[in-house]
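The structure appears right after this line, and notes come after that.
The values are calculated or read from the model by the stated rules, or taken from the named source; none is laboratory data. Everything numeric in this text was worked out from a predicted model, so none of it was measured. Every residue, glycine as well, gets a Cβ built from its backbone with ideal geometry; the counts of neighbours run over all protein chains shown.
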Ligand SMILES: [Mn+2]
């Protein structure tokens with residue numbers, strides 16, 4: 001059966017958006033194409049309705065290069081241009097207030113906070129929370145909200161929505177009933193789906209190959225981890241990153257998680273600015289097709305202070321590699 005967002009949730013979102021006199025949309029730190037696509041799609045809709053709107057994210061300072069061709073980028077402002085007091089604040093694709101980074105303090109100064117998200121671990125930190133874990137992406141949830149609102153989805157908005165859909169489904173590898181129907185509808189507006197996908201997911205500078213070879217050389221496997229499910233792990237240290245973009249670092253997990261001998265994959269990514277501070281990406285796979293009985297990494301990440309989805313989650317940590325790996329292996333032990 002096709003997943004459906006409860007009509008009451010959609011109506012609640014529409015009511016808040018429709019009543020807003022000005023809107024500040026916040027994306028999560030280290031933004032991906034789902035949070036930025038959601039932010040820019042919503043900004044374009046509001047702008048056309050003559051509602052003043054700005055979109056921002058706390059870090060890094062620049063929008064990742066792969067997302068710069070997304071329509072609506074003119075609505076982006078640096079975080080220091082987000083005032084202390086705002087009318088309606090909309091957080092897109094953020095499972096918790098912490099995902100807003102330094103902009104999380106703007107919630108206190110917002111008349112209303114609307115949370116639009118699809119992370120199962122969402123803490124519902126808004127005044128109004130529309131959280132649908134059955135949505136493939138936050139942009140898919142937005143498509144449902146736009147429909148409930150009577151907003152037409154044209155080519156520019158479809159481009160942003162498709163960006164989130166194609167990336168969060170891993171190029172439609174994790175598609176569910178209805179996913180392709182939404183993709184078909186977005187493609188029918190005339191967007192270049194192959195071009196958008198290539199720009200966002202399949203384009204890396206030559207330096208990526210060198211970075212990969214250094215990093216992959218350090219990969220290790222722990223077959224006994226997670227009660228025998230197996231863990232493959234990699235550390236991306238500051239000196240490995242060199243000049244490559246954040247997109248290149250984020251792509252490492254997609255190579256690691258293909259390891260046959262491990263049901264769980266982890267990549268520890270060291271901060272460029274702060275030595276021994278790491279963001280951690282966790283992936284789990286179904287143990288068999290259609291069984292959905294793989295390890296729930298959202299639960300594991302939550303135990304370590306993070307969150308996410310059943311098969312893709314993350315957290316942050318500080319320390320030396322051996323300690324971080326040991327802490328994760330402990331957290332992976334079956335209860
Ligand atoms: Mn997402």
(request) Identify, by number, the condition in (1) within 13 Å of residue 24 (Cβ to Cβ); (2) within 14 Å of the chain's Cα centre (by Cα); (3) surrounded by fewer than 23 Cβ atoms within 10 Å (Cβ to Cβ) that residue 85 doesn't meet. (result) (2)
(request) Confirm whether residue 125 is more than 16 Å from the ligand (Cβ to nearest atom), surrounded by fewer than 20 Cβ atoms within 10 Å (Cβ to Cβ), assigned to a loop (DSSP other than H, G, I, E, B) and more than 14 Å from the chain's Cα centre (by Cα). (result) yes
(request) Check whether at least one residue in segment 144-167 is in a loop (DSSP other than H, G, I, E, B), within 21 Å of residue 297 (Cβ to Cβ), out of contact with any strand residue (DSSP E or B) (no Cβ under 8 Å at 6 or more places or on another chain) and free of Cβ contacts under 8 Å to residues at least 40 places away in the same chain, and report yes or no. (result) no
(request) Out of the residues in segment 21-37 that are away from the ligand (no atom under 16 Å from the Cβ) and buried (at least 21 other Cβ atoms within 10 Å of the Cβ), state the one that is farthest from residue 148 (Cα to Cα). (result) 24
(message) Here are the criteria: (1) buried (at least 19 other Cβ atoms within 10 Å of the Cβ); (2) more than 16 Å from the ligand (Cβ to nearest atom); (3) outside any helix (DSSP H, G or I). Tell me which single one residue 9 does not satisfy.
(response) (3)
(request) Consider residue 314 carefully, then state whether it is touching a strand residue (DSSP E or B) at 6+ places or on another chain (Cβ under 6 Å), under 16 Å from residue 29 (Cβ atoms), surrounded by 14 or more Cβ atoms within 10 Å (Cβ to Cβ) and touching a residue at least 60 places away in the same chain (Cβ under 8 Å). (result) no
(request) Answer with yes or no whether residue 141 is crowded, with 22+ Cβ neighbours inside 10 Å and not in a helix (DSSP H, G or I). (result) no
(request) Test each condition in (1) more than 25 Å from residue 168 (Cβ to Cβ); (2) in a loop (DSSP other than H, G, I, E, B); (3) at pLDDT below 95 for residue 240 and report the one that comes out false. (result) (2)
(request) Determine which single condition residue 171 fails, assuming it passes every other condition in (1) within 15 Å of the ligand (Cβ to nearest atom); (2) touching a residue at least 60 places away in the same chain (Cβ under 8 Å). (result) (2)
(request) Kindly indicate which of 223, 275 is exposed (fewer than 15 other Cβ atoms within 10 Å of the Cβ), over 21 Å from residue 316 (Cα atoms) and more than 18 Å from the chain's Cα centre (by Cα). (result) 223
(message) Among the numbered criteria (1) surrounded by fewer than 24 Cβ atoms within 10 Å (Cβ to Cβ); (2) in contact (Cβ under 8 Å) with a residue 24 or more places away in the chain; (3) away from the ligand (no atom under 16 Å from the Cβ); (4) farther than 16 Å from residue 102 by Cβ, which one does residue 56 miss?
(response) (4)
(message) Exactly one condition in (1) free of Cβ contacts under 8 Å to residues at least 60 places away in the same chain; (2) in contact with a helix residue (DSSP H, G or I) (Cβ under 8 Å, 6 or more places away or on another chain) is false for residue 233; which is it?
(response) (1)
(request) Report yes if residue 231 is over 21 Å from residue 328 (Cβ atoms) and crowded, with 19+ Cβ neighbours inside 10 Å, otherwise no. (result) no
(request) Scan (1) in contact (Cβ under 8 Å) with a residue 12 or more places away in the chain; (2) farther than 23 Å from residue 97 by Cα for the single condition residue 330 breaks and write down its number. (result) (1)
(message) Condition first: part of a strand (DSSP E or B) and buried (at least 24 other Cβ atoms within 10 Å of the Cβ). Now tell me which residues in segment 128-138 satisfy that.
(response) 130
(request) For segment 180-208, name all the residues that are surrounded by fewer than 19 Cβ atoms within 10 Å (Cβ to Cβ), under 19 Å from the mean Cα position of the chain (by Cα) and part of a helix (DSSP H, G or I). (result) 197, 198, 199, 201
(request) Answer yes if at least one residue in segment 153-162 is under 23 Å from residue 6 (Cβ atoms), under 14 Å from the mean Cα position of the chain (by Cα) and buried (at least 21 other Cβ atoms within 10 Å of the Cβ), and no otherwise. (result) yes
(request) Considering each residue of segment 59-106, count those that are in a helix (DSSP H, G or I), away from the ligand (no atom under 16 Å from the Cβ) and in contact with a helix residue (DSSP H, G or I) (Cβ under 6 Å, 6 or more places away or on another chain), and give that number. (result) 5
